[in-house]
Structure formats: C-alpha cells, structure tokens
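Here's the structure we're looking at; comments come further down.
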Amino acid sequence: MDHPEVEKLARKYALLNAIEHKGVANPGAVIGRIMAENPSLRSQSKEIGAIVRTVVGEIKSTSPDVLVKRIEVEFPGTLESETARRKEISKKDSEREAILAPLEGARIGAVVTRFPPEPNGFMHIGHAKAAIFGGEYAKAYSGRFILRYDDTNPAAERAEYYGAFLDSFEWLGLKPDLIKYASDDMAKFYAVAEKMIATSKAYVCFCSQEKMRDLRAKSEVCEHRNQGIEKNSAAWRDMIGGKYPENFATLRYVGDLTSHNTAMRDPVLFRVVLEEHPRQATKYKAWPTYDFDGPIEDSLDGVTHAMRSKEYELRDELYYSILDSLGMRKPIIVEFSRLNLQNTTMSKRKLRKLVDEGLVDGWDDPRLPTISALRRRGIVPEAIRTFILSMGLSKVESVPTWDYLESINRKILDPIAARYFFVPDPIKLRVEGAPHTNVSLAYHPDNESYGRREITASGSFFVPSDDFRKLSIGSRIRLIEAYNVKITGISDNEVNGIYDGNEPGREIPKIQWLDASVGNPEIEVWIPGPLVINEEFNPQSLKKVRGFAEPSFARLALGTIVQFVRFGFCRADSREVAILSAK
C-alpha cells in the first residue's frame, strides 16, 4: 500500500477516533484500526506511526461539529458503517461475556494465549476445546493468539501433520496472530539448558530408564546428580554433539527428590533423539521434553495465560519451578477438564493405530473425533464451537454424547439445508390406476427462495421396505406430496396397491418414494456409530445403507449437506456415498 492510501486511512480513522473522544484522537487506536484492516502493514509500523501522528496533530483541537462535517464530506457513509459495526461488536461481546468467565489478572490489550499442538497426528475435537477457548479469550481481551507447534519429538512427528493441523484450524475459523514452531527455538533451548547446568540446576544422567524410574520411586539420589558443573558441561556438549546413542544420556532437572509430587523428582529435560526431524532434519541430537519447552516457550512468547487440560495439574509446580530457577517471567496457568466423547477415544496414539492397521478409512473416517472426520461427516464449524463453548472452561469432568453434538448441528442445518427424497433399502410398489403426473416439491419448506423441482410419479415406485413391514393388506398409505394408495398385496420384494384418491388424511401413514421409471442414482449412506465399546474398537461402528436418491441429487456439488426427508441430514461425500450428519 502506497503512502497516499495509508494517509487516507489514517485520516479516516483519526477523524472517527477524534469524534468519539471529544476532538482528541489516540494515535495508538488509529494505528490499530489501520493494521486490523491491512495486516500486511505490520512490518511498516514505524512509517505508519509517523504518518498517523502527523494526521492526528493536524486535526487536534478541531471542534466535534467540524470533525463530523469533514468525515461526511471526505468519507461518506463512514459514520453509519461505524455505528453498525459497533452494534455488532457489542452484540458479540455480550454473547462472549455470557460464555467466558473473567481471566485472572487479565487486562484489555495485554492478554496473550497460545495453542501448542504436537504434530504427531490430526487435530481432534479435544484439541479444538483448547484452541477455541484460547482464541476466544484473546479476542475478548483484544489480545494476541499464538499457534505454536510443539514439535520437539522427532520420533513421533510427520510433515503431513503440520498441514493437517493448520487446515483444521482454519476450517474452524480460528485466526492466530502468529504461527511458530518450537523446533525453531532449539538454539534458545540449548542456551537456557547451559545456563541451568552452570547454576547447578540441571545435570547429565547416564542411568537407564528402569534405574531412573526405580530411584525416583524411592526418592533416592542418582550417582550423577553431584558430579559437578565441569563434568555436566562436558557431557552436555557430547549430548548435543551426537556422541551418545539414543537413551544413553539425559539432562535432568535438580528438583526435590523428597516431594510428594513425583513430577518434581528430578524429571528429564532433554533426551538424545537421533531420528530425522520433519523440519530440522538431523541438525539437533538432543531434544527437550514438554516439561522443559512448554514453560520456556510460554515465557519467551509473552504468553500471559497458558491454557491446558488438567491432566497436567501435577506438573504445574514443575512448570513454575523451572521458570523461577531461571528468573523468567511466569504466565498464569488456566486449567480445564479434558474433553472426552462417549464411545470414542481422544488418544492420538490409539487413533493412529486404528489408521495404520486399516481398521478405519484414514484420519478423516467419519467415526473418528478428528476435525477432518467431523468435517467429512457434515458437522459444521459453528456446531463444534457452540458445543465446546456450552461446556464452559471448567475443571469439572463430563463426557458429553455424540447425540448432543448432532442436535446442535441439526439446529444449524435445519434452516439452510435443502430437502431431497431418498429411499433406503428399497422395494418396488406398483399402483394400479395411478395417474401419471409430475409432483412439484419445494427444496425448503420455509424458504421459497431455494426454488422447486419436479419429480415424476408414474405408478411404479421405489419405497422403503421397512415401512411396509408394519403394514398389512387393506392398509392405506399416502405417498408424500403425491396421492393415496390402498395396499392389495405384500411380498418380500414387491408391494401392490390401487390408487385411492388425493385427499390428505391425518391418520394415513406417509411414505417416502421415488419413481421407478426414471434414473435415480443409487447411493450408499454411511451411518457412523460408537467407535469403541468398553475401550475396544467396535467393528460394527459403521453401518452402510443402500438406496436411491432423487435424480437432482446427482447434480449436487460434493460436500453439500442436505436433508433426506424422514431420514436425516447427510453430506454428499462422493457420487456414490453420502454420510449421515444428524438424524
């Protein structure tokens, strides 16, 4: 953006701000509005600041009446737009305040939150809880929100997972102010580790994992704990220089071996990992644990409120102890209950096993709780956000059901999803004496702007077999939006009837149908069920129902979510498959 355009923006927002504050514009607020409209200008903050201060100085002490006239002439419609914008902001702020409890020690403009996923799998709805609350609190306090990949375990991370996380993140509507990678800060981590060694707050240990575990359980001192700064420094140089094989040496924190909190008993801060890293290749040989990089990164990144699930509760003491030992700034930890859903698992290790063993159809299999799976299933972002926010940022454990998430999704889809006919498990119905006609159907019962379509009714139909298992000869039915039929015969694969007029009757069962004389696309509807039962994979977790959809369904764009009348909301996954989103 060139200088005149920046100056024009500066004048517009300076006039608005001055009108609001009795003739005195705040340069910082004006700069903020310009940056919000054009984030690409952040790198030119010094030049922008100079322009804004000049413009603010020019209108200083101008009377409010003159300011209003100037903005009406120079920027017509701006005052009206600003009024509408503020009303919308006020409405959203009220809704957000009703959901978000106040943050301890939070100040407007000074809150920094973060979401630190490890790229060792796909993002799931449990991650989404932390991400959505982090983003919402940053927004509520006009602060900053950081997406930070906690990628310091080369043995578990893969390149594909970085992009998968970001794709899910953006699909949920989350907009971080900064995207960064913990692995980019390895040089800083090494410097901090060396400082801890130099101040006798860390030592290099050569104990096996079994011996280390046994000594910690007994609160006994390791033989390497008191070997001195010089030996520790030399051993550390060997660690980072790649002279040791994996699991041969670790860097441990000098904690409190007598503490009842086992997390404080000299935990591991660095371990030797020689596997290739997705981003750093083989550049580094010693990698930090989450106990180390979590507090260090939070402090360096300016995080004010570190949100994490309460499974880390026992590690809070260690988090603060490490920062105290280094004299580093301490964020406030905000804990909440981990999100679990009934009959599923949020363990990325278990989910990865299901994927790797081919028990599910990839990370986006609609039975999984991953965001890509929910997206494929037809759960919309608004439903996920509402579902998560409705539970609040509480430490009280709860295990909500899939039905609850589906009910929220259904309420969102109902006013916007077009209606289509679908006949599951079809059998033939032949109607004697039936008129050959075209039935006009609305795509949406409450919104004529969606338009209409015509379906042929020739007297030969596909109807759901289940509906006729409950009927007997002599029963009357009504083909939805068409006419009545009296049943004269029922066999395993065909029903016969006679035309019985067109007068609707309240007591007559309504039957879904499709004309059998036209080319109805045959599709398969996938119905996701419980992924796990008693913590074991449920091999019956995906039901597949074959049937016919009306011809116009074949012309839908893939990914479209519609309502199959009397069946449920479904997403067009392919030309042959639809996935049930909500009943």
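Of the residues making up the stretch 526-558, those that are within 25 Å of the chain's Cα centre (by Cα), surrounded by 14 or more Cβ atoms within 10 Å (Cβ to Cβ) and of a type in the set (A, V, I, L, M, F, W, C) number 6.
Within the stretch 407-430, can you find the residues that are assigned to a loop (DSSP other than H, G, I, E, B) and of a type in the set (Val, Ile, Thr)? First the steps, then the outcome.
First pass over the stretch 407-430, keeping only residues assigned to a loop (DSSP other than H, G, I, E, B): 414-418, 421, 425.
Listed by number, the list holds a single entry, ILE416.
The requirement of being more than 30 Å from TYR190 (Cβ to Cβ) and surrounded by fewer than 19 Cβ atoms within 10 Å (Cβ to Cβ) is satisfied by LEU359.
Determine if the stretch 344-355 includes at least one residue that is farther than 30 Å from VAL577 by Cβ, surrounded by 15 or more Cβ atoms within 10 Å (Cβ to Cβ) and of a type outside the set (A, V, I, L, M). No, because not a single residue in the stretch 344-355 is farther than 30 Å from VAL577 by Cβ, surrounded by 15 or more Cβ atoms within 10 Å (Cβ to Cβ) and of a type outside the set (A, V, I, L, M). What number of residues in the stretch 352-406 are touching a Ser or Thr at 6+ places or on another chain (Cβ under 8 Å), of a type in the set (Asp, Glu) and part of a loop (DSSP other than H, G, I, E, B)? Going through the stretch 352-406 one residue at a time, the tally reaches 2. Filtering ARG252, ARG271, ARG265 for residues that are under 30 Å from ALA164 (Cβ atoms), at pLDDT 95 or above, assigned by TED's automatic domain parsing to the domain that holds MET196 and among the basic types (Lys, Arg) leaves a single hit, ARG271. Residues in the stretch 440-462 that are surrounded by 17 or more Cβ atoms within 10 Å (Cβ to Cβ) and under 42 Å from the mean Cα position of the chain (by Cα): 6 in all.
Given the residues ARG385, ARG375, which is the only one that is buried (at least 18 other Cβ atoms within 10 Å of the Cβ) and over 23 Å from ARG308 (Cβ atoms)?
On the way: ARG385 fails: over 23 Å from ARG308 (Cβ atoms).
Matching residue, one of ARG385, ARG375: ARG375.
A search for C-beta distances below 6 Å between a residue of the stretch 7-35 that is at positive phi and without any contact (Cβ under 8 Å) to a residue 60 or more places away in the chain and any residue that is in a loop (DSSP other than H, G, I, E, B) and β-branched (Val, Ile, Thr), counting only pairs 6+ apart in sequence or on different chains, returns GLY23/THR62. As a summary of the residue check, LEU471 satisfies the conditions (1) of a type in the set (A, V, I, L, M, F, W, C); (2) over 18 Å from PRO424 (Cα atoms); (3) outside any strand (DSSP E or B) except for the one numbered (2).
Can you find a residue in the stretch 508-527 that is assigned by TED's automatic domain parsing to the domain that holds PRO435, over 29 Å from ARG430 (Cβ atoms) and not basic (Lys, Arg)? Yes; the residues of the stretch 508-527 include at least one that is assigned by TED's automatic domain parsing to the domain that holds PRO435, over 29 Å from ARG430 (Cβ atoms) and not basic (Lys, Arg). Screening the stretch 498-514 for residues that are assigned to a strand (DSSP E or B) and either at pLDDT below 95 or on the phi > 0 side of the Ramachandran plot (or both) and picking the one that is surrounded by the fewest Cβ atoms within 10 Å (Cβ to Cβ) gives LYS510.
The values are calculated or read from the model by the stated rules, or taken from the named source; none is laboratory data. For clarity, every value in this text was computed on a predicted model and none was experimentally measured. As a convention, Cβ positions derive from the backbone with ideal geometry for all residues, glycine included, and neighbour counts pool all protein chains shown.
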